[in-house]
Amino acid sequence: MQRPSSPGSHVGSLVLIAAVVAGGAAAFAYTGGFLIPGRLTPAKLVDALAPPTGPVLGHRRNHAKGICFLGSFTATGAGSALSRAQVLAKGTYPVIGRFNLGTPDPGTPDGDVRVRGLSLDIEPADGQPWRTAMIDVPFFPVSTPQAFYDLLVASGRKDDPDAMKVFAAAHPEIGAFGAWARSAPFTASYAEERYNSLNSFVFTDAAGADHVVRWSFLPAAQPEALSADALKARGPDYLEGEIAKRVAAGPQSWLLAITVAEPGDPTADPSKAWPEGRRTVEAGTLTVDRIVAEADGPCRDINYDPTVLPGGMRTSDDPFPAARSAAYAVSYNRRTAEAGDYPRDAVPGAKP
Amino acid sequence: MTAAHRFTPLQRVLHWSMALAIVAMLFIGVGMVSTIRPDYLTLVSIHKPLGLAILVLALVRLAVRLRVGTPGLPRDLPRPMKLAAQLSHYALYAAMIAMPLIGWGMVSAAAYPVQVLGVTLPAILPQNDGLHTLLWNAHRAIAFLFFALILVHIAAGLFHALVRRDGVFEAMSPVPTGGGVAEPAE
């Protein structure tokens, strides 16, 4: 046994050990972003979605107002030319979906919400679900997740009237969304909306060839255009009652149209629509059979994370699905931890 | 207690490959939950299969340890250090086995499909808000404790190698070293 005689000779070793431990801890803290206040974390993005009065506990942190439905997706098989996923192979697959409004507060009156959404969880028998969450806007307001966060921060700055002007100057793409929000009519029903993926994804066919695509669900119902005031006059929770009545009277359907990008199309930027005339594949029909209140409905427990994709579909160079996945997970973690604040026997339409 | 001075080559290979995997795993975990960049999805797609690999390796390692044993600790190691060594190894094994299972359970309890390298694994729990919250909090808390324990483990290993020079580090060192002289333990 070699024991150094004087304790002083250990100082170098002890300093080295302390340095290794401190370095390890610092590297860990750096990786976790604890030393980088500027890093846009999923938690920060979700915090920024909260209304001025704070988040509504137990609910999704955005698109918080919604209603569940059950239905099915019948694939024609035409989509197999783009993706080998079973969900696009000829057949009928069960769907758990959700109609929703783009607001962080489930108590917001319908007429105050400009953006409507449709979320789907299509579950083929092979255990590889396809989840997608779409909105009725024809393009996303901004080009990048960082810009979306900056938009939330700027629009929350009620103390600074210039905040939005400064934002719009730095992100001119927001202008198209503003024009749409001011001019596009509302419709009288969730059933009358066209819902768009906006984000691009890569589909891989059975031969291994990749196709960059976006998709839309086109309503069979004829849209009835409404002004904001006419919608408000119908009541704060008109849409949920309307869709429940409409579906009780008969199933509602949408056509899935998958659009294929051509080289040079802006696949990474959902604020830019692709030019007209792109190849479009009509891949199947969504049928909504039954409406169920959200509080104890089948969609409540589902995180409509758009990166939950079957084999044959994957994310593209569009940065949004990753950001959405990270943020949706935080929203899910928070709302499930607060489940007691949103009782499963809550009365639909009642203020939470 | 075995009379061997060193862990078997199989045990050393398991130790060092798992050391690399677990440290990478903890960095990937703490890094992925801190970003909304596309790296998030890349890191998640590594986190799941790596976790599964660590679970399998940990079970193999536990079986090997129960079968071939370990070199004893030096006879003159103070009792508190001996106790700390024993307890910390129980904790390390518990974390290696529990963390992947908690992660798997947490993903199951959130009704996410459990997809690893394109293969769908069965859910090991039904969707449940309370279970998901419990497991998520546990996964996060144990990750930090696990990393702290690994730092203590590294510090102790270096203490044995550089200060006590009692052969404990050499018992697990990846290559034979001339620095320490292993002394028969018992």
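Taking the mean number of other Cβ atoms within 10 Å as a proxy for protection, how do you rank A:334-341, A:96-103, A:132-139 from highest to lowest?
With the highest mean Cβ count within 10 Å placed first, the list reads A:96-103, A:132-139, A:334-341.
Would you work out if region A:132-209 is rounded, prolate or oblate? Take a ≥ b ≥ c from the square roots of the eigenvalues of the alpha-carbon gyration tensor; rounded if a/c is under 1.5, else prolate when a/b is larger than b/c, oblate otherwise.
Oblate shape, in that a/c is at least 1.5 and b/c is the bigger or equal ratio.
For the charge dipole of the protein assembly as shown, defined by +1 on Lys and Arg C-beta atoms and -1 on Asp and Glu C-beta atoms about the Cα centroid, which residue among A:Leu286, A:Ala191, A:Gly250 has the Cα displaced farthest towards the positive pole?
Farthest towards the positive end: A:Leu286.
Between region B:1-60 and region A:209-243, what's the alpha-carbon centroid distance in Å?
48 Å
Just want to confirm a number: the relative contact order over region A:1-123, from Cα pairs under 8 angstrom separated by 6+ residues, in percent.
Value for region A:1-123: 21 percent.
Which residue fluctuates the most in chain B, going by a Gaussian network model with Cα springs under 10 Å, if the choices are B:Ala155, B:Ala21, B:Ala143?
Between B:Ala155, B:Ala21, B:Ala143, it is B:Ala155 that shows the largest mean-square fluctuation.
Please sort A:292-299, A:179-186 by packing, taking for each peptide the average over its residues of neighbouring beta carbons within 10 angstrom, highest first.
A:292-299, A:179-186
Whole angstrom only: what separates the Cα centroid of region A:305-322 from the Cα centroid of region B:144-159?
The distance from the Cα centre of region A:305-322 to that of region B:144-159 comes to 38 Å.
Return P(r) of region A:1-118 (all Cα-Cα pairs; 10 Å bins starting at 0; whole %; ordered from short to long distances).
11, 19, 16, 19, 14, 8, 7, 6, 0
Per DSSP helix of 4 or more residues, -39500 (n - 2.57); summed, then divided by the residues of the protein assembly as shown. What does that give at 222 nm, rounded to the nearest 500?
-13500 deg cm²/dmol
Provide a whole-number value for the mean count of partner chain Cβ atoms within 10 Å of the Cβ atoms in peptide B:129-140.
Mean number of neighbouring Cβ atoms from other chains: 3.
If you plug each phi of region A:157-170 into the Karplus form 6.51 cos²θ - 1.76 cosθ + 1.60 with θ = phi - 60°, what whole-Hz ³J(HN,Hα) values come out, in order, with x for Gly and Pro?
Per-residue couplings from phi come out as 7, 5, 7, 10, x, 8, 4, 5, 5, 4, 4, 5, 5, 7 Hz.
Taking each residue of A:21-33 in turn, how many C-beta atoms of other protein chains fall within 10 Å of its C-beta, and what is the average?
5
Taking other Cβ within 10 Å of each residue's Cβ, how do A:Arg116, A:Arg314 sort, fewest first?
By the 10 Å Cβ count, ascending: A:Arg314, A:Arg116.
Have a look at A:Asp126, A:Asp210, A:Asp289 and tell me which one the Gaussian network model of chain A (Cα, springs below 10 Å) gives the largest fluctuation.
Among A:Asp126, A:Asp210, A:Asp289, the largest GNM mean-square fluctuation belongs to A:Asp126.
On the principal axes of its Cα set, how long, how wide and how thick is region A:91-188? Give whole Å, largest value first.
53, 30, 23
For chain B, modelled as a Gaussian network with Cα springs under 10 Å, which listed residue fluctuates most, B:Val13, B:Val33, B:Val116?
Most flexible of the set in this elastic network: B:Val33.
Give the residue from B:Met96, B:His15, B:Ala141 lying farthest towards the positive end of the charge dipole for the protein assembly as shown; charges sit on Cβ (+1 for Lys and Arg, -1 for Asp and Glu) and the dipole is referred to the Cα centre.
B:His15
With an 8 Å cut-off on Cα pairs and a minimum separation of 6 or more residues, tell me the relative contact order of chain A in percent.
23 percent
How big is the Rg/Rh ratio for region A:48-341, C-alpha atoms only, Rh by Kirkwood, two decimals?
0.95
Can you list residues from other chains, or at least 5 along the same chain, whose modelled amide H is less than 5 Å from the amide H of A:Gln252?
Those qualifying (amide H under 5 Å, at least 5 residues apart or on another chain) are A:Val288.
How high is the relative contact order of region B:9-172? Use alpha-carbon pairs under 8 Å, at least six apart in sequence, and give a whole percent.
21 percent
Work out the mean other chain Cβ neighbour count within 10 Å for the residues of B:36-47 and drop it here as an integer.
Counting Cβ atoms of other protein chains within 10 Å of each residue's Cβ and averaging gives 6.
Using Cα positions and a limit of under 19 Å, work out the lysines in reach of A:Lys245, with same-chain residues fewer than 8 apart set aside.
The qualifying lysines are A:Lys65, A:Lys232.
When the dipole is taken about the Cα centre of chain B, and only Lys, Arg (+1) and Asp, Glu (-1) are charged at their Cβ, what size is it in debye, to the nearest 20?
Once rounded to the nearest 20, the dipole reads 180 debye.
Region A:281-326: D in µm²/s via Stokes-Einstein (Kirkwood Rh, Cα pairs, 4 °C, 1.567 mPa s)?
96 µm²/s
Determine the shape class of chain B: with a ≥ b ≥ c the square roots of the Cα gyration tensor eigenvalues, call it rounded for a/c under 1.5, and otherwise prolate if a/b is greater than b/c, oblate otherwise.
prolate
Kindly identify region A:231-352 as rounded, prolate or oblate by the Cα gyration tensor criterion: order the square roots of the eigenvalues as a ≥ b ≥ c, call it rounded if a/c is under 1.5, otherwise compare a/b with b/c, prolate if a/b is larger, else oblate.
oblate
Looking at the protein assembly as shown from every direction and averaging, what is the projected area of its Cα convex hull in nm²?
For the protein assembly as shown, the mean projected area of the Cα convex hull comes to 30.3 nm².
What size of dipole, in debye to the nearest 20, comes out for chain A about its Cα centre when the only charges are +1 on Lys and Arg C-beta atoms and -1 on Asp and Glu C-beta atoms?
Using Cβ point charges on Lys, Arg, Asp and Glu, chain A gives about 540 debye.
Rounded to two decimals, what ratio of Rg to Rh does region A:299-352 give with C-alpha atoms and a Kirkwood Rh?
1.11
Select from A:Thr76, A:Pro109, A:Pro129 the residue farthest towards the positive end of the dipole of region A:73-148; place +1 on Cβ of Lys and Arg, -1 on Cβ of Asp and Glu, and compute about the Cα centre.
My answer, from the dipole projection, is A:Thr76.
Computed from the coordinates by the stated procedures, all read-outs in this text should not be read as laboratory data. Remember, it's a predicted structure, so these values are computed and weren't measured experimentally. Neighbour counts run over all protein chains shown; Cβ positions are idealised from the backbone, glycine included.
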